[in-house]
Amino acid sequence: MPKGQLYINGFDAFVKWGISLNQDGLSALMTPAPNKGYITNDSRLEHGVRHVDKPSTVKVNERQVNITFNLTASTEEQFFARYAAFCTEVLEPGVLNIRTSFQPTVLYRCKYESCTQFAQFMRGIAHYSLRLTEPNPKNRSI
């Protein structure tokens, strides 16, 4: 994903940190959020369980997003500088507001939870999987 396609916290992620989404990244972002549990009444006076069937009572829950980023650099020094800057500026504060050029009016407001995988190749290319939480998937407007 080249320049101008991924924005994190308002910055072009490729220009600022050499960060791009891997091939499944957009799919991970676009995966629908789960619903919260339905309102039910389990009365001992009735068979089965009664569900409230009003569409207005259905609400979405927070969702977990596992997304893999690629980090590229042309030199070893640039690689370590970009890696350190991304960790300090994005992961330590824990806020990732993600937008892509494919969905320009959608802003994914996520919280960083953990890095579940990190792999470095030739000190100029790395990929790492981040576990993020999107607290309110209905709050995506810019």
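Each Cα pair under 8 Å and six or more residues apart adds its separation to the average, and for the chain the resulting relative contact order is 27 percent. Applied to the range 102-114, the Karplus parametrisation 6.51 cos²θ - 1.76 cosθ + 1.60 on θ = phi - 60° returns per-residue 3J(HN,Hα) values of 6, 10, x, 9, 10, 10, 8, 9, 10, 10, 6, 9, 6 Hz, with x for Gly and Pro. Looking at the square roots a ≥ b ≥ c of the eigenvalues of the Cα gyration tensor of the range 59-142, which shape do they give, rounded for a/c under 1.5, prolate if a/b is larger than b/c, or oblate? Prolate shape, in that a/c is at least 1.5 and a/b is the bigger ratio. Among the trypsin sites (Lys or Arg not before Pro) found in the range 86-142, those both in a DSSP coil and sparsely packed, with 10 or fewer other Cβ atoms within 10 Å of their Cβ, are LYS138. The count of lysine pairs in the chain with alpha-carbon distances below 22 Å, taking only pairs 8 or more places apart or on different chains, stands at 10.
Placing +1 on the Cβ of every Lys and Arg and -1 on the Cβ of every Asp and Glu, with nothing else charged, gives the chain a dipole about its Cα centre of roughly 420 debye. Here the gap between LYS111 and ASN9, fully extended at 0.36 nm per residue and compared with their Cα-Cα distance, gives a gain of 35.6 nm. Dividing the summed helix terms, -39500 (n - 2.57) for each DSSP H run of n ≥ 4, by the number of residues in the chain produces a 222 nm estimate of -4000 deg cm²/dmol to the nearest 500. Using the Cβ-Cβ distance between ARG63 and ASN22 with R0 set to 22 Å, the FRET efficiency from 1/(1 + (r/R0)^6) comes to roughly 0.70. Once you have a ≥ b ≥ c as the square roots of the Cα gyration tensor eigenvalues for the range 1-125, tell me rounded if a/c is under 1.5, and otherwise prolate or oblate according to whether a/b is larger than b/c. It comes out prolate by the Cα gyration axes.
Any read-out appearing in this document is the output of simple, stated calculations on the displayed coordinates, not a laboratory observation. Keep in mind that this is a model prediction, so the values were computed, not measured. Positions of Cβ are backbone-derived with ideal geometry, glycine not excepted, and every protein chain shown enters the neighbour counts.
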